[in-house]
Amino acid sequence: MILFAWYIAKVILCSAILYGYYLLALKDKIFHRWNRFYLLSATAISILLPFVSIDILSNHATQGTAINLIRAVTAQDEIVIELGKKTLFNSTTLIAIGYLIISFFLLTMLLITFLKIIRLKNIYPNTKIDGIDFINTEAKGTPFSFFSYLFWNRKIDLHSPIGQKIFNHEIAHIKEKHTHDKIFLNVVLIFFWTNPVFWLIRKELNMIHEFIADKIAVEDGDISAFSEMILKSIYPTQNFSIANNFFYSPIKRRLKMLTKNTNPKVNYLSRLLVLPLAAIIFLAFSLKIKSEKANTIYTGGAITVVVDAGHGGQDNGAKYNDILEKDITLKIVNEIKALNANKKINILLSREGDKAVSLNDRVSFADENKATLFISVHLNAGTEPTVKSGMDVIVQNNGNNYHVQSNLLASSMIDAFKKDYPLPVAPSVYERQQGVFVLKNNQRPSVIVQPAFMTTEKDQAFLDQPENIKLIASNILKGIENYAEQIINLKMIPQQAIVDTPPLPKMMYKGKRVVRLELSTKQNKVKVDYNDKSTEIITKEEADKRGFILPPPPPPPLPPPPPPPAPSPNSKTVPSLSGTPSPAALTESLNKLSHSYSLYFLNGKESSKNEIEKINPNDIKSVSIYKAKGAIEKYGPRGADGVLEIWTIKNTAEKNNEMTVTGQPIPPVSGVPTSNDGNNSNANTPVQVTGEKIFTKVEEEASFPGGFIAWKKYISGFLAASSNELTSNDEGTCIVRFIVNTDGSISNVQPETMKNSKLAEVSVNAISNGPKWIPARQNGRIVKAYRIQPITLSLPESK
């Protein structure tokens, strides 16, 4: 509604300017047909011109005061944002309804007029006279003309001198097609009745019609007699707004125009002045002058954007027809930096030449420069030539605290490409389930933009053209600016991390479901929100007693890894074996290993892949590998893709000792994995862990056979079979802790919450007497591990 109001304002302003020129330069001049054409054109231009928008670039967008005044109205629709809660009936809705009611009333009056004229046509006889439908009536308001119909009044003698002049007058209306003008103006007023200028134009146009018809009626005739006839005529008591009535007032102007010199030296200057006026109005209403300097969208505070060229150095990326992905991505990011003219956006490149940069270093580069956004440029490719084509944008589906903002950034990229990109553009954001290191470990909105398929001939030909590389870079810049302006500058959502927290497990208390838990570690209190909108604050001990599964505390800062424990009398050792790999083989194995993890620690301090590769294999004392949940729990999100810890031998005496295996560390002799899947390089030499260690944290937890759906079906059936033993006092969540042995058998089943309750007893029986579980895995090996399983009971209200 606000946009429509601005449009009406522009229509009124434009029509007022054009009609003002008519009053000053054209009114009461004898070139009536020109004036008729001008008023009709002014109406049409006023309606259509506000829709015209032509963008031009200028380094100095300055206009005169008058033009700026007009553009202050015409540009408003570019910045109007309708805010506020939408309700069914508000002031805007009521205004719209009122507007439509008046429009409907005017439409009804127009239709009634049509019906009256049709009724007259059907009542009285119709006589054809030289292509004119002559209808002789006794109706009030006649004579008048309507399209090709001439409605005559029987009281006027058609063959008298006065009758002939009136007849000629109405014939002029028909031949000049004045009815079309009247219908056009009446239809316009139905929709634009709020514009007073259009009402004035309609009135003036009716007068011009009479001037034209009067002039034709008295050609080669007696002007004085025609004037006398007009003065002596009795005004009719009825008038049709869409018909051409002979007795149309005011008569004074008609007489004035009749008595004017019919052969004057016409002043054409007043008509020629309309040309510069039309040009000024067109420029003021249609041209939108923008600063070429910026082509700038973002106007907020300074931000830093790291643009990452995928691959580099020995990592060529995809290759097709001797074209390397690393080279094209480098061209694109260099072009992005070159095109950026917005001083508020600082573009930094993670690599500026053909050099190898590790994934960890790319993320660290963004951290060190406190980047606001991270955009990695890659190219799509198939294993063989394909018909797939176009661009897409990838975000990390999980594991990143900026998932929401990353989706918005990706959507902004897609919108920027949709406008002028010749290749297909993905309709939506592609959310990657599998972990992508640079997306998963970035603590900022991060996306991967893939502008084309390397393995498609069409896309490759597109990438060969320098102007297309510039187009890709320009669109990525637009995507950055659009996101920054809408999300950062306008603060449509907060910039702090929006954490995608998993939904709470189902927890019940006294028939109410827990929908939110908030833990205060300092006060040892828990705030509980229920589905009936009630809230209570209880102690942590009470929450544990009720079986509530509390949210984990915020992760601690990244600690250095503890030194490996000293050998104990109970520790088993691995002596040097005759089949030990050579130093070269072990170095190669370590090099492969270093590509698989995101964090590296050497002797308790964070290190890098390059430092790991420089280690002398003979100096290694122990190697520890942490993956998945174990790595996250120890190191936080940065360890999501695995952590490698290495301790070296510090003195000669220690070099002669045997290597110790305790807990998760794996000896480099036979347990160093060579890939992400954790497979050992020497599978024929198994490594025994100290004693019969029971893991509390593993990479892959033990699971119920058939997965979650099978577990839900099993436990639901078991609880249903025991429903006669359970009461409303047993409602809640019982957490059961048990051991899953390497053969899948269950042992040591104990309730952790709701102890001594019937639910705890039933839950222990369900797990103890159930099928074997799929055992846990650590470093690719089946291990004995603890498992914690919540079981929630919610009984119907009638029970």
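Values computed for the structure shown
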quantity: Cβ-defined net charge surrounding residue 197, 15 Å radius [Lys, Arg +1; Asp, Glu -1]; calculated: +3
quantity: Where N is the number of residues in the stretch 305-381, Cα Rg divided by 2.2 N^0.38 Å; calculated: 1.09
quantity: Cα-based equivalent ellipsoid, the stretch 93-174: semi-axes from gyration tensor eigenvalues, Å; calculated: 35, 13, 11
quantity: Difference of contour (0.36 nm per residue) and Cα-Cα distance, residue 190 to residue 541; calculated: 119.0 nm
quantity: Accessible carbon and sulfur surface of the stretch 708-799 relative to its total accessible area, %, 1.4 Å; calculated: 50
quantity: Local net charge near residue 142, Cβ-Cβ under 13 Å (Lys/Arg +1, Asp/Glu -1); calculated: +3
quantity: Amide H contacts under 5 Å for residue 784, placed H, 5+ residues apart; calculated: 695
quantity: Label-point gap, in nm, between residue 316 and residue 713 - each point 7 angstrom along Cα→Cβ; calculated: 5.0
quantity: Charge tally in the Cβ shell below 14 Å around residue 427, where Lys, Arg are +1 and Asp, Glu are -1, residue 427 excluded; calculated: -2
quantity: Rounded accessible area of residue 322 (nearest 10 Å², 1.4 Å probe); calculated: 130
quantity: Listed peptides 129-142, 715-728 by packing density, highest first (mean Cβ within 10 Å); calculated: 129-142, 715-728
quantity: Volume of the Cα convex hull of the stretch 693-799, divided per residue and given in Å³; calculated: 97
quantity: Peptide ranges 112-121, 203-212 listed from the most packed, as the mean C-beta count within 10 angstrom indicates; calculated: 203-212, 112-121
quantity: Among the listed pairs 140/177; 10/344; 440/614; 614/693; 10/203, those beyond 30 Å (Cα-Cα); calculated: 10/344; 614/693
quantity: Approximate spin-label separation residue 346-residue 527, in nm, with each point projected 7 Å along Cα-to-Cβ; calculated: 3.7
quantity: Protection proxy ranking of 406-418, 173-185 - average other beta-carbon atoms within 10 Å, highest first; calculated: 406-418, 173-185
quantity: Gain upon complete extension [residue 282, residue 159; 0.36 nm per residue less C-alpha separation]; calculated: 39.1 nm
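The values are calculated or read from the model by the stated rules, or taken from the named source; none is laboratory data. Everything quoted here is computed from the prediction, not taken from an experiment. Note that we place each Cβ from the backbone using ideal geometry, even for glycine, and neighbour counts take in every protein chain shown. Heads up: the accessible areas ignore ligands, DNA and RNA and are worked out on the full protein's heavy atoms, side chains in. Shrake-Rupley method; radii C 1.70, N 1.55, O 1.52, S 1.80 Å.
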